[in-house]
Each structure stands twice: as C-alpha cells, then as structure tokens.
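Okay, structure first, notes after.
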Amino acid sequence: MSKARIVQFAPAKKNSAPLKTLLTRALNMREGGASYAKPDRFARARFLQQKVYRSRAAFKLIDLEQRFALCQGRRRILDLGAAPGSWSQVAAETAPEAVVLAVDKKPIEPFAEPRIRLLRCDLEIADEAAALPARVTEALGGKAELVLCDVAPNTVGLARLDNTRFGVVVAEILPIVETVLEEGGDWIVKMRHSTEEAELWTRVRERFEKVQAVRSVASRPGANEIYWVASGFRGTT
Ligand SMILES: C[S@@+](CC[C@H](N)C(=O)[O-])C[C@H]1O[C@@H](n2cnc3c(N)ncnc32)[C@H](O)[C@@H]1O
C-alpha cells in the first residue's frame, strides 16, 4: 500500500502552525477545497489512524462497503474516476484476490500494490471511451464484476448547471458500463439530484435487477451527493 505524503505533516515543529491547522491545510489542499475549513471526523480519522488513504473519499466507500458488501470476494474491479486513488486502495484491501483497474482522465500516482493497475482515459472523449472495453479485459482478464464510479465532472459553481452536468456525464457513462460489466455484476455510481435524475433512474432500473439510492455517512453534510447502488446487471441483449 502506498504511503501518502500526508505523513510528513505529523510532527508539528515548535513555533510552527498548530498541528490541527497543518493537517487541515494538507487535507483540504489535496482535495482541492478551501485551505482552512475545519477537519471533520473522517478527515481526522484518516490522519489519526495513519491509514494513509489518498483521500477522505475512502470513508465513503468504506461506509458503503459495510452496508452493501460491494468489493469483498471480487476478483475484477473497475474504478472509474479513480484519482487520486483512495477507492482503489479500499477495494484492493477489501478484496485481496482482486485486480483493480483505476481509470481517470488525470494521471494517478502509481501504487506500490501491483494489483492496482492504472489507465488514463477521459470517459467523455468518444475515442478513448471506445477503447476502454479492450483495455479493461486486458488489465482485469475479463469483464469487471464490479464497477465503482465516483466521477465528478468539472463544475462552475452554479448548482443547477452543475447538477445537470452531473446527470449528463453519468448518462454518458452508463453505456460504457454496459460494455465493461459482466452479466450479474454491480455498479455503484455517484449522482446528484437534478432534473435529469428521474429519466436516468428509469434507464438504470431497466438494466439492473435492483437499484438503491443511498447517502454515505461520510459525505459532507448538506452535499448534494448520493450513490446509486445498482446490482444484478441484466447484460446486453
Ligand atoms: C471525487 S474524484 C474521485 C475520488 C476517488 N474516488 C478517490 O477515492 O480517490 C472524481 C474524479 O473524477 C474524475 N473525472 C471527472 N470527469 C472524468 C472523465 N470524463 N473521465 C475520467 N475521469 C473523470 C476526476 O478527474 C476526478 O479525479
């Protein structure tokens, strides 16, 4: 398991900023947020447990894993929108037999764990998305049993526009998932409430045996963020 740079902030030197402030800055800067927000219990836990996950997002998957047993027992896991990589870390930890393919449009720092493989791919670029199924089969040795999808498209700060964009991107990812997921497999995807949601829900519901919309206890309070846990992919006809 790789060691994140966060550890270097642990020993606060005399006369330097308090440890809590350094921790807050480090955590928030890594996540691209405001530098001085108060660290919440998940950020503190990540630091204090020295688990060195690459991001606080790890706790969202840990929570969902405890409730839905998504990763355990799997052998082939695809992680879409994986950077910086904490979901892939949790997946590899939880499924010790699994190969995990971490895919993102941004580069991902390699892992010491060889079972976590990396692929640079922008899912919104047609050529790159079209090449994905072959790359998945090559890396995982077959179609994925589980697709994790924590993709977060770039936002502009206007809630309605951003939420719509989220729905559009997830709608674009659904046909990709259909090509890389094995029949009977599961998909977990981050969503936002939006006007596109109902139509998309219907489409996902048609393709999977069961779909549940759940909130992770690790999502920030007030965040417009839910996860759809879609299980039992019906396969392509
Ligand atoms: C919230 S982060 C994922 C965090 C990750 N689950 C973790 O635990 O480290 C969302 C990711 O979605 C990626 N993303 C957004 N649009 C994408 C696209 N079109 N193709 C691939 N990745 C995309 C971003 O680059 C970003 O790394």
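Values quoted throughout were computed directly from the atomic coordinates according to the rules given, and no laboratory measurement underlies them. Because the structure is a prediction, the values reported are computed rather than measured. Note that we place each Cβ from the backbone using ideal geometry, even for glycine, and neighbour counts take in every protein chain shown.
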Just to check I understand the Karplus step: with θ = phi - 60° and J = 6.51 cos²θ - 1.76 cosθ + 1.60, what whole-Hz values come out for segment 70-76, glycine and proline as x?
6, 8, 4, x, 7, 10, 9
For residue 72 and residue 203, compute 0.36 nm times the residue count separating them, minus their Cα-Cα distance, and round to one decimal in nm.
44.5 nm
Can you give me the pair-distance distribution of segment 74-218, C-alpha pairs, 5 Å bins, whole percents?
2, 10, 19, 23, 22, 15, 7, 2, 0
Residue 97 versus residue 212: modelled label distance in nm, points set 7 Å from Cα along the beta carbon direction:
2.4
What's the ranking of 205-214, 55-64 by average number of surrounding C-beta atoms within 10 Å, highest first?
55-64, 205-214
Explain nothing, just compute: Karplus ³J(HN,Hα) = 6.51 cos²θ - 1.76 cosθ + 1.60, θ = phi - 60°, for every residue of segment 137-142 in order, whole Hz, x for Gly and Pro.
4, 5, 6, 9, x, x
Would you kindly derive the ³J(HN,Hα) couplings of segment 83-90 from the backbone phi angles with the Karplus curve 6.51 cos²θ - 1.76 cosθ + 1.60 (θ = phi - 60°), listing them in order in whole Hz, with x for Gly and Pro?
5, x, x, 5, 5, 5, 4, 5
